[in-house]
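Reading through the C-alpha cells given below for one structure.
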Amino acid sequence: MVKKRKSTIKDYWPRYRRQMMLATISMQIIVTVIVGVALIIAGIPPLSFEYGIVMLVAFITTLLANLLLVFSIVVLPLETLTTAITVVSGEPTDLIMPNPNTQYNERNGLKPLLQYLYTLATDKQSPTSENAPSLLDTAMTNTSASIVILDHHGTIQYASPKAPITVTSDNTKVLELLFDDAESFSDWLASCHDQIRAEKSWLRIPNKIVGSEGRRIFDMTASFEKGNPAEVVLVLFDRTTVYQPEDNQLDFIAFAAHELRGPITVIRGYLDVLSREISEEPQFREQHLLLSRITVSANRLSGYINNILNTSRFDRRHLKVNLAEQSLSHIYDSINDDMQLRASTQNRTLSISIPDDLPTVAADLSSIGEVFSNLIDNAIKYSNDGGLIQVGATPEGDFVRVDVTDHGIGMPANVVNNLFHKFYRSHRSRETVAGTGIGLYITKAVIESHGGTIEVKSEEGKGSIFSFTLPIYATVAKTIATGDNVTSGIMRNNDNYIKNHAKFRG
Amino acid sequence: MAIKTILCIEDDRFIGEMYVRSLQKAGYTIDWVVDGQDGLVAAQNKPYDLIILDIMLPEMRGNEILDALRSGEEDNIPNTKVIILTNFDQDEETRMAMRLKVDAYLVKAEITPHKLLETIAELGHED
C-alpha cells in the first residue's frame with residue numbers, strides 16, 4: 001500500500017489551480033450546451049449558418065468572461081496570497097516572496113494584506129517571542145556559553161536560558177554581572193555611541209560577590225554594531241569550574257592570614273625594638289645586618305598578608321578607602337625606612353624624587369603606602385643585582401602621576417596584557433620569582449577606588465615603568481566633603497567624580 | 001601637655017611587654033594591666049597623661065572602658081589622651097564612633113613600637 005503524503009501549505013495552490021481549471025472548463029461546456037439547446041428550441045436549425053455564428057459568439061464571450069473576471073479577480077490574488085503564505089511558512093520552496101509594493105497589488109488592495117502577513121511572520125520569528133523555546137534556546141542549554149542581545153536603547157531583547165540575567169521589580173531584564181568600576185560594561189557601551197563597530201572582552205566577571213549562593217564567573221566578549229537591530233551581542237562563557245577553586249583557596253588563605261596578623265605583629269615589633277637597641281652598639285654591627293634581613297622578610301610577609309586580606313575584602317565588596325588630604329611625600333615617608341631596607345639588603349639602589357611642593361592628593365595613607373610597597377617590591381624582584389629603581393612624581397592635569405621605574409628584565413607584551421588579572425603569574429616568574437599573583441590585582445583595585453588609573457610600559461631586557469595617578473585633593477574636595485569620606489571612595493565616571501560605595505578597607 | 005605617664009591596657013603579654021619596654025626606654029612612666037576591669041579601675045583612680053587601649057580584652061572590652069570613661073558629653077578623663085591600638089576588625093560604623101572619642105586609632109599590624117613612639121610624641125606636641 002502506498003503511504004499517503006501529508007499535504008503541506010505549498011500543495012494547496014496546484015490543487016486549487018487544477019480544480020479551478022476543471023470548474024472553468026465544465027462551466028464553459030455547460031454554458032455552450034445550454035445556449036445550443038436554447039437555439040434549437042427557438043427554431044434555429046443546428047447545422048444552419050446562424051446557429052454556428054451564435055454558438056461561436058457565445059463560446060468566445062463566456063471564455064473571455066472566465067479569463068478576465070474569474071482569473072483576474074479570484075485566481076490571481078489567491079495565487080499571490082498562497083505564494084506569500086508558502087514562503088513565510090518556512091517550507092522549502094522555489095517560490096519568490098511577492099512584493100506588496102507592485103502596482104497590481106496596490107490596485108487590487110492586496111498590499112496591506114501582504115504587509116500584515118509579513119509582520120506576523122517577523123513577530124513569530126522574533127527572539128522575544130513568548131512561544132515555545134526556539135531551537136537556539138534549546139541548543140544554548142547544552143553549552144557553557146550564553147548569548148545576550150541588546151537593542152540600541154540598551155534593552156535586553158534576547159537572553160539565552162543560562163545567561164546571567166535578573167528581572168527587576170518593574171519586570172525589566174538586566175545583566176547580573178559585577179564589573180570593575182574602571183572597566184564596566186555600561187561605561188564601554190556609553191563609549192561606543194560615537195563608533196560604528198566596537199568589540200571588547202572581559203575576563204573573570206562574577207555575577208555575585210564571593211560567598212554568595214549561585215555565584216558564577218564568566219569570560220565575556222561584547223560586540224557593537226551601530227544601526228543593527230541587534231546592536232550589542234554579548235557572548236559569555238561560564239568559567240566557574242576553572243575560577244572558583246582559586247577563589248575558594250584564597251578564602252581559606254585569607255582566613256589563615258587573619259590569624260597570622262597577631263604573630264607577625266609581634267615579630268615585627270620585637271625586631272623593631274631589637275634592631276634599634278643594638279644599632280647603638282658598635283660591636284653588634286654584624287648582628288644588626290642580620291636582623292635587617294629578618295626585618296625585610298617579616299615586612300614582606302606582612303605585605304603578603306595585607307594583600308591577601310585586602311583582596312578577600314575587595315572580592316566581597318568590603319574594601320573601603322579612607323580618603324583624606326595627603327601629601328605624596330608624607331605617604332612615601334611612612335614606608336621609606338622599610339623600602340630602603342628592602343632595597344639595600346637585596347643590593348638595589350632606590351632613588352626617590354617626590355617633590356614636597358606637589359599638590360596634595362585625596363588618598364588613604366595605608367592603602368597608598370601598600371601600593372608603593374607592592375610596586376617597589378616588584379621592581380626589586382624583577383631587576384638585576386646592583387640595579388637602580390627610581391620613584392618619581394609629577395602633576396598631570398587634575399592628577400599627580402607616580403612612576404616606579406626599574407631597569408631589570410622587563411616583560412613581553414602578552415605578559416603586560418594580563419599583569420593585573422587576579423592570580424596571573426607569567427610562566428617565567430612562576431619558575432624563578434616567589435609571589436602570590438594578587439599584588440598587582442589589589443594594587444589596581446586600590447588605585448581605581450581612589451579614582452586613579454594604573455598602567456605599565458615594559459620592554460623585554462630593558463625594564464618596566466609602572467605608573468599610577470591619584471586625583472589632586474582640590475579637584476575632589478567638594479565630592480569628599482559632601483559625602484562620608486571614610487566610608488566612601490571616589491571613582492571617575494566620565495568627567496565627574498561620584499561616590500563609590502563599594503570599596504571598604506577594613 | 002607633655003606626656004609622661006601612660007597606662008597600657010593590653011592582654012597579649014608579648015605585645016604588652018614590647019610596648020612597655022620601648023616606652024620605658026624612651027623615658028615614659030608606664031603602668032600595664034592585662035584585663036579590662038582592672039584597666040578601668042586604674043584609669044579612674046590615677047590621672048594618666050595617656051591611655052593605650054586594646055579592644056579585645058578579658059572581663060571588659062576596650063569600647064566598654066571607653067564608654068565608661070567618656071560617655072556622651074561627659075568626659076571623666078579630660079586631661080588624658082587615648083590611643084586605641086588593636087588588630088580587631090570592626091565594622092566601619094563602630095570604628096568611626098570610636099575614632100570620635102579618642103586621639104588616635106592605630107592598627108597593630110600596621111605599626112611598630114617606633115611608630116607608636118612617634119605618634120605619642122606628636123600627641124604631646126599638640127597642646
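Within region A:242-265, if we keep just the residues that are away from every other protein chain (no Cβ under 14 Å) and among the aliphatic types (A, V, I, L, M), the residue that is farthest from B:Thr86 (Cα to Cα) turns out to be A:Val242. Of note, B:Gly62 does not satisfy the criterion of being away from chain A (no Cβ under 12 Å), in contact with a Lys or Arg (Cβ under 7 Å, 6 or more places away or on another chain), open to solvent by less than 20 Å² (accessible area, probe 1.4 Å) and not aromatic (Phe, Trp, Tyr). Taken over region A:392-440, the criterion of being open to solvent by less than 60 Å² (accessible area, probe 1.4 Å), at pLDDT 80 or above and charged (D, E, K, R) is satisfied by A:Arg401, A:Asp403, A:Asp406.
Among A:Arg239, A:Arg268, which is the only one that is under 30 Å from A:His153 (Cβ atoms), modelled with pLDDT of 90 or more and either open to solvent by 40 Å² or more (accessible area, probe 1.4 Å) or within 12 Å of chain B (Cβ to nearest Cβ) (or both)? Explain how you work it out, then say what you get.
Values: A:Arg268 fails: under 30 Å from A:His153 (Cβ atoms).
Unique residue meeting the criteria: A:Arg239.
Within region B:12-32, can you find the residues that are touching a Leu at 6+ places or on another chain (Cβ under 6 Å), more than 17 Å from B:Ile65 (Cβ to Cβ) and away from chain A (no Cβ under 14 Å)?
Let us first name the residues in region B:12-32 that are touching a Leu at 6+ places or on another chain (Cβ under 6 Å), namely B:26, B:30-31.
Subsequent filtering for residues that are more than 17 Å from B:Ile65 (Cβ to Cβ) retains B:26, B:30.
Selection gives B:Ile30 alone.
Do we find that A:Leu189 is among the hydrophobic types (A, V, I, L, M, F, W, C) and in contact (Cβ under 8 Å) with a residue 60 or more places away in the chain in this structure? Judged against the criteria, A:Leu189 is not a match.
Taking the listed residues A:Asp337, A:Asp364, the one that is among the charged types (D, E, K, R) and surrounded by fewer than 18 Cβ atoms within 10 Å (Cβ to Cβ) is A:Asp337, with no other qualifying.
Table: residues versus (1) in a loop (DSSP other than H, G, I, E, B); (2) of a type outside the set (Phe, Trp, Tyr); (3) open to solvent by 60 Å² or more (accessible area, probe 1.4 Å); (4) at pLDDT below 90.
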position: A:Asp170; (1), (2), (3), (4): yes, yes, yes, yes
position: A:Leu178; (1), (2), (3), (4): yes, yes, no, yes
position: A:Ser186; (1), (2), (3), (4): no, yes, yes, yes
position: A:Asp194; (1), (2), (3), (4): yes, yes, yes, yes
position: A:Arg204; (1), (2), (3), (4): no, yes, no, yes
position: A:Ser212; (1), (2), (3), (4): yes, yes, no, yes
position: A:Met220; (1), (2), (3), (4): no, yes, no, no
position: A:Ser223; (1), (2), (3), (4): no, yes, no, no
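Yes or no: A:Asn417 in a helix (DSSP H, G or I) and either in contact (Cβ under 8 Å) with a residue 40 or more places away in the chain or on the phi < 0 side of the Ramachandran plot (or both)? It is true that A:Asn417 is in a helix (DSSP H, G or I) and either in contact (Cβ under 8 Å) with a residue 40 or more places away in the chain or on the phi < 0 side of the Ramachandran plot (or both). Against the definition (away from chain A (no Cβ under 14 Å), at pLDDT 95 or above and more than 15 Å from B:Leu123 (Cα to Cα)), how does B:Asp35 come out, yes or no? Spelling it out, it is not the case that B:Asp35 is away from chain A (no Cβ under 14 Å), at pLDDT 95 or above and more than 15 Å from B:Leu123 (Cα to Cα). Residues considered: B:Thr5, B:Thr29. Of these, the only one that is within 30 Å of A:Leu271 (Cβ to Cβ), open to solvent by 30 Å² or more (accessible area, probe 1.4 Å), more than 13 Å from the chain's Cα centre (by Cα) and of a type in the set (Val, Ile, Thr) is B:Thr29.
Can you spot a residue in region B:96-106 that is open to solvent by 70 Å² or more (accessible area, probe 1.4 Å) and at pLDDT below 85? Write out each step before concluding.
Looking only at region B:96-106, we keep the residues that are open to solvent by 70 Å² or more (accessible area, probe 1.4 Å), and these are B:99-100.
With the extra rule that they be at pLDDT below 85, the set shrinks to B:99-100.
Yes: region B:96-106 contains one or more residues that are open to solvent by 70 Å² or more (accessible area, probe 1.4 Å) and at pLDDT below 85.
When the residues of region A:275-292 are filtered to those that are open to solvent by less than 80 Å² (accessible area, probe 1.4 Å), assigned to a helix (DSSP H, G or I) and not hydroxyl-bearing (Ser, Thr, Tyr), the one that is nearest to the other protein chains (Cβ to nearest Cβ) is A:Glu277. Of all the listed residues (B:Asp67, B:Asp89), the sole one being under 30 Å from A:Asn299 (Cβ atoms), open to solvent by 50 Å² or more (accessible area, probe 1.4 Å) and at pLDDT below 90 is B:Asp89.
Taken over region A:61-77, residues that are of a type in the set (A, V, I, L, M, F, W, C) and surrounded by 12 or more Cβ atoms within 10 Å (Cβ to Cβ) amount to 7.
The values are calculated or read from the model by the stated rules, or taken from the named source; none is laboratory data. Since we're looking at a predicted model, the values are computed, not measured. Cβ: placed from backbone, ideal geometry, glycine included. Neighbour counts: every protein chain shown. Side chains are part of the model used for accessible areas, which takes the heavy atoms of the whole protein and leaves out ligands, DNA and RNA. Shrake-Rupley method; radii C 1.70, N 1.55, O 1.52, S 1.80 Å.
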